[in-house]
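Worksheet: the structure to be examined is printed underneath.
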Amino acid sequence: MRFSLALYHTLTVSSLLRFASLVKGSNHHFSSFNKTSRLYSAMDSCDATQQIGFLGQTEAQNLDIELFNEYQFSVDQLMELAGLACAHAVAQAYPIGNSKTNRVIVICGPGNNGGDGLVCARHLQLFGYNPDILYPKRPNKDLYNRLVTQCEKMDLNFIEEVPNPEEMNRDYRCIVDAIFGFSFKGSGGIRAPFDHIISNLLKVTETPILSVDIPSGWDVEKGDVTGDGLKPDSLISLTAPKLFAKNHCFRVHYLGGRFVPKALERKYNLNLPAYKGQDCIVEL
C-alpha cells in the first residue's frame, strides 16, 4: 500500500495516532493489497477530491464537444494523451521493480475508452511491461484499426478470451479496465461479451484493477448503484473527475489528460489541481 507524505497532510491528528498504532502493532499492514491500509488511502483520496469540480454525464459530453469543435483537437490526439496518462498511472501505482511479474492485461471496450486502453498498452510496453490486450468487440473504423495496427507492429499480444480468475490472480501485476467510459448507459444491462468479462473480474481477489475514467458498469453520476459492481483498487479520471467519484473512494485516484484549456476549466468550474513540472498525471 501507498504511505506517501500526502497521507500525513490530509489526516487529522487523531487519525494519525490511530495510524501510528496500526503500524506499530503489525508490519503486515504494509502489504500491497491490505484492507486496512486501503481504508486510510481511500480517506486521503476522498478528502483530496472534495475541492475539485465534478462532471456529470452531459457536462462531460459537452466539454468533449467543445474540445473538438471550438479548440479543434482531434479524437486521436486526445486519445494519445489520455492513454499515455493511463500508462503513467499504471507505472506509478503498480511498479514492476519488486514484482514477480511484469505482465498486465488491458481490457478494451468498443468505444473511446477502449481506444485509450490500446494507447495505454502500447506505452506500457515501452515502460517495460508485458501487456496482454483483450479487445473482443472491435469497431470497423479507421481510428481503431490504426490503433490495433500500431500494437500489432510492436508485437503486443492480443488474446481472444478473458482469462479465468485464477489465472488473473496468479499471472498479472494489474488489470486495466478500459471497457466502458462516461457515455455508458446501464439501463439495458451489460451485453455480451462484456457481461462475462466483468463477471470474471468480480472474482479476482489478488490482482488489483485500475479503471480508466469510470469503473465499467457503474453509473457515471451515481456510481455503483447496485453495490455488486466492480471494486477497482485505483482510478484514473480523464479531463476531470466524473460525478460518481465525489462519493466513492479508491486507494489511489489519479487525474490525467493534461490538455484542458483554462477557459474551459473556468467555464465548468473544475478547479483542477496543478500538475507538477512536466508530469501528465497528478494524484488526488
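The values are calculated or read from the model by the stated rules, or taken from the named source; none is laboratory data. Owing to the predicted nature of the structure, the values given are computational and were not obtained by experimental measurement. Every residue, glycine as well, gets a Cβ built from its backbone with ideal geometry; the counts of neighbours run over all protein chains shown. Note: accessible area is taken over every heavy atom of the protein model, side chains too, but ligands, DNA and RNA are not part of it. Shrake-Rupley method; radii C 1.70, N 1.55, O 1.52, S 1.80 Å.
Would it be correct to say that Glu167 is out of contact with any Leu (no Cβ under 9 Å at 6 or more places or on another chain) and of a type in the set (Asp, Glu)?
The answer is yes for Glu167.
Can you find a residue in segment 141-156 that is without any contact (Cβ under 8 Å) to a residue 40 or more places away in the chain and open to solvent by less than 10 Å² (accessible area, probe 1.4 Å)?
Among the residues of segment 141-156, at least one is without any contact (Cβ under 8 Å) to a residue 40 or more places away in the chain and open to solvent by less than 10 Å² (accessible area, probe 1.4 Å), which makes the answer yes.
Of the conditions (1) out of contact with any Phe, Trp or Tyr (no Cβ under 7 Å at 6 or more places or on another chain); (2) open to solvent by less than 80 Å² (accessible area, probe 1.4 Å); (3) at pLDDT 95 or above, Gln72 satisfies every one except a single condition; which number is it?
Every listed condition holds for Gln72 apart from (2).
Name the residue that is farthest from Val176 (Cα to Cα), counting only residues in segment 209-264 that are open to solvent by 30 Å² or more (accessible area, probe 1.4 Å) and outside any loop (DSSP other than H, G, I, E, B).
Here the residue is Ala263.
Per-residue answers, yes or no, for (1) over 29 Å from Leu243 (Cβ atoms); (2) modelled with pLDDT of 95 or more; (3) acidic (Asp, Glu):
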{"site": "Cys108", "(1), (2), (3)": "no, yes, no"}
{"site": "Leu118", "(1), (2), (3)": "no, yes, no"}
{"site": "Gly128", "(1), (2), (3)": "yes, yes, no"}
{"site": "Leu143", "(1), (2), (3)": "no, yes, no"}
{"site": "Glu161", "(1), (2), (3)": "yes, yes, yes"}
{"site": "Asp177", "(1), (2), (3)": "no, yes, yes"}
{"site": "Asn200", "(1), (2), (3)": "no, yes, no"}
{"site": "Lys203", "(1), (2), (3)": "no, yes, no"}
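For segment 160-183, how many residues meet the condition of being surrounded by fewer than 14 Cβ atoms within 10 Å (Cβ to Cβ) and either within 22 Å of His88 (Cα to Cα) or of a type in the set (A, V, I, L, M) (or both)?
Residues that pass the stated criteria total 0.
For (1) among the hydroxyl-bearing types (Ser, Thr, Tyr); (2) over 28 Å from Lys222 (Cβ atoms), each residue gets a yes or a no:
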| residue | (1), (2) |
| --- | --- |
| Gly109 | no, no |
| Gly117 | no, no |
| Tyr129 | yes, yes |
| Ile133 | no, yes |
| Pro165 | no, no |
| Asp171 | no, yes |
| Phe182 | no, no |
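Being touching a Phe, Trp or Tyr at 6+ places or on another chain (Cβ under 6 Å), touching a residue at least 24 places away in the same chain (Cβ under 8 Å) and hydrophobic (A, V, I, L, M, F, W, C) is the requirement here; does Val119 meet it?
no
Output the residues belonging to segment 82-105 that are in contact with an Asp or Glu (Cβ under 7 Å, 6 or more places away or on another chain) and either of a type in the set (Gly, Ala, Ser) or open to solvent by less than 10 Å² (accessible area, probe 1.4 Å) (or both).
Residues satisfying the conditions are Ala82, Gly83, Cys86, Ile105.
Do we find that Ala91 is over 17 Å from Ser183 (Cβ atoms), in a helix (DSSP H, G or I) and touching a His at 6+ places or on another chain (Cβ under 7 Å) in this structure?
So Ala91 does not fit the description; no.
Would you point out which residue out of Ala48, Ala82, Ala93, Ala6 is touching a helix residue (DSSP H, G or I) at 6+ places or on another chain (Cβ under 9 Å) and at pLDDT 95 or above? Break it down into steps so the answer makes sense when it comes.
Details: Ala48 fails: at pLDDT 95 or above; Ala93 fails: touching a helix residue (DSSP H, G or I) at 6+ places or on another chain (Cβ under 9 Å); Ala6 fails: at pLDDT 95 or above.
Within the list Ala48, Ala82, Ala93, Ala6, the selection yields Ala82.
Say whether the condition of being in contact with a Phe, Trp or Tyr (Cβ under 9 Å, 6 or more places away or on another chain), part of a helix (DSSP H, G or I) and in contact (Cβ under 8 Å) with a residue 24 or more places away in the chain is met by at least one residue in segment 101-114.
Scanning segment 101-114, I find at least one residue that is in contact with a Phe, Trp or Tyr (Cβ under 9 Å, 6 or more places away or on another chain), part of a helix (DSSP H, G or I) and in contact (Cβ under 8 Å) with a residue 24 or more places away in the chain, so the answer is yes.
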